[in-house]
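Here the structure comes first, spelled out in structure tokens, and everything after it is commentary.
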Amino acid sequence: MLELRAVTKRYGKDLKAVDGVTLSLGRGVVGLIGHNGAGKSTLMAMIATLARPSSGQILFEGADIVRRPEAIRGRLGYLPQDFGVYPNLSALEFMQYFAALKGVRDGARIRRLLELVNLHEQAQRPAASFSGGMRRRLGIAQALLNDPDILVVDEPTAGLDPEERLRFRNLLGELGLGKLVILSTHIVSDVESIATELAVMRSGRLVAHETPDAILARARGQVWSASVAEADYGALRERVRVLQAQRQDGRMLLRIAHPELPCLGARAAEPSLEEALMAQRYALQAEAA
Ligand SMILES: Nc1ncnc2c1ncn2[C@@H]1O[C@H](COP(=O)(O)OP(=O)(O)OP(=O)(O)O)[C@@H](O)[C@H]1O
């Protein structure tokens, strides 16, 4: 459905915000993962035709959207990171405004979307009085007005409380059925349960594109749990990568990434996706060193 070929975006002479990304995506929820500054927003803005690649091609169902942005615009829903609401409009008026801009005349669709994001009971309230999570949900409803085939959502869970986060995650998981949803985050657990694929970016480059299961499978046997005496912890930390450390009753409870048994008494542990990604990164670093 969407194909990126060697897509690069330069800012100035020295910075490649996105560096030669080649990626082919079908339907499902793609978690675009990377630290702040990895290039996620820039990549998404190019897919949404709001930034032009410096080089490379982006094809949507075979059409070159850099040359012909209209080939994707009508089929796209986009929720940018800095999505804002208009202070004087209620949620309903906000939706009506965007529906008019997008040429959507179906009033019942607005009601259905407000129900989908669970804002129908607050439809008359000024959107400016909404919590962060409610605003994001309104943002999703707005992005869905044209029934898009591809939905691009930039850091949707930033600043949300745990309950809002969960609700938002479930909503995006449901939307992923039948569409391509690209969802960026630096919090792996936000996409762990809903992503059908993960695309991992680092310093503008795509460093992995795999299913969560494949990443987890590779990390098995590389992640360990261990309980060590506090006095031994310092020396161990010099030798192995500690993913997590917790002090308990004079001992240290550890999660460790290491290619082999890291210390006596350590036990192979079932990695979380975040641990698996960290283990993968350390293994790549060790290979490169
Ligand atoms: N308009 C711009 N002009 C110059 N540099 C930019 C511009 N937009 C982004 N950058 C730089 O490009 C790099 C990638 O930024 P980008 O926002 O795409 O990363 P990100 O992974 O989305 O990070 P975040 O999660 O913080 O948004 C960063 O070094 C950023 O400072």
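The values are calculated or read from the model by the stated rules, or taken from the named source; none is laboratory data. Everything numeric in this text was worked out from a predicted model, so none of it was measured. Glycine also receives a Cβ, built like all others from the backbone with ideal geometry; neighbour counts cover every protein chain displayed.
Quick one: Asn118 ticks every box in (1) more than 16 Å from the ligand (Cβ to nearest atom); (2) assigned to a helix (DSSP H, G or I); (3) in contact (Cβ under 8 Å) with a residue 24 or more places away in the chain bar one, so which box is it?
(2)
Looking at the range 195-213, can you tell me whether even one residue there is polar (S, T, N, Q) and over 28 Å from Thr8 (Cβ atoms)?
Of all residues in the range 195-213, those polar (S, T, N, Q) come to 196, 203, 211.
This time we only want the ones that are over 28 Å from Thr8 (Cβ atoms), so: none.
No, the range 195-213 contains no residue that is polar (S, T, N, Q) and over 28 Å from Thr8 (Cβ atoms).
Consider Glu174 carefully, then state whether it is at pLDDT 90 or above and either of a type outside the set (A, V, I, L, M) or outside any strand (DSSP E or B) (or both). Don't jump to the end; show me each part of the working.
Values: at pLDDT 90 or above: no; either of a type outside the set (A, V, I, L, M) or outside any strand (DSSP E or B) (or both): yes.
So Glu174 does not fit the description; no.
Considering only residues that are acidic (Asp, Glu) and farther than 19 Å from Leu284 by Cβ, which ones fall in the range 225-269? Before you say what the answer is, go through the steps one by one.
Start the filter on the range 225-269 by keeping residues that are acidic (Asp, Glu), which leaves 230, 232, 238, 249, 260.
Result: Glu230, Asp232, Glu238, Asp249.
Yes/no per residue for (1) assigned by TED's automatic domain parsing to the domain that holds Thr185; (2) without any contact (Cβ under 8 Å) to a residue 40 or more places away in the chain; (3) under 19 Å from the mean Cα position of the chain (by Cα):
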site: Asp19; (1), (2), (3): yes, no, yes
site: Val29; (1), (2), (3): yes, no, yes
site: Arg75; (1), (2), (3): yes, no, no
site: Phe83; (1), (2), (3): yes, no, yes
site: Leu101; (1), (2), (3): yes, yes, no
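How many residues does the range 218-231 contain that are outside any loop (DSSP other than H, G, I, E, B) and either surrounded by 14 or more Cβ atoms within 10 Å (Cβ to Cβ) or hydroxyl-bearing (Ser, Thr, Tyr) (or both)?
Qualifying residue count for the region: 8.
Of the residues that make up the range 174-195, is at least one of a type in the set (A, V, I, L, M, F, W, C), crowded, with 17+ Cβ neighbours inside 10 Å and over 12 Å from the mean Cα position of the chain (by Cα)? Before the answer, list the steps.
So the first thing to find is which residues in the range 174-195 are of a type in the set (A, V, I, L, M, F, W, C), and the list is 175, 177, 180-183, 187-188, 191, 194-195.
Checking which are crowded, with 17+ Cβ neighbours inside 10 Å leaves us with 175, 180-183, 188, 191, 194-195.
Those left that are additionally over 12 Å from the mean Cα position of the chain (by Cα): 175, 180.
Yes, the range 174-195 has at least one match.
Does the range 51-70 include one or more residues that are charged (D, E, K, R) and crowded, with 16+ Cβ neighbours inside 10 Å?
Residues of the range 51-70 charged (D, E, K, R): 52, 61, 64, 67-68, 70.
Filter once more, so that each one left must be crowded, with 16+ Cβ neighbours inside 10 Å: none.
Within the range 51-70, not a single residue is charged (D, E, K, R) and crowded, with 16+ Cβ neighbours inside 10 Å.
Select from the range 178-225 the residues that are polar (S, T, N, Q) and over 27 Å from Leu144 (Cβ atoms) and write down the one among them that is farthest from the ligand (Cβ to nearest atom).
First, the residues of the range 178-225 that are polar (S, T, N, Q): 184-185, 189, 193, 196, 203, 211, 222, 225.
Keeping just the survivors that are over 27 Å from Leu144 (Cβ atoms) gives 203, 222, 225.
Values: Ser203: 9, Gln222: 26, Ser225: 31 Å.
Of everything passing the filter in the range 178-225, Ser225 is farthest from the ligand (Cβ to nearest atom).
Checking Leu145 against (1) free of Cβ contacts under 8 Å to residues at least 40 places away in the same chain; (2) part of a loop (DSSP other than H, G, I, E, B), which single condition isn't satisfied?
(1)
For the range 192-217, give me each residue that is in contact (Cβ under 8 Å) with a residue 40 or more places away in the chain and assigned to a strand (DSSP E or B). Spell out the reasoning first.
Looking only at the range 192-217, we keep the residues that are in contact (Cβ under 8 Å) with a residue 40 or more places away in the chain, and these are 192, 194-209, 212, 215-216.
Matches in the range 192-217: Glu197, Leu198, Ala199, Val200, Met201, Arg202, Arg205, Leu206, Val207, Ala208, His209.
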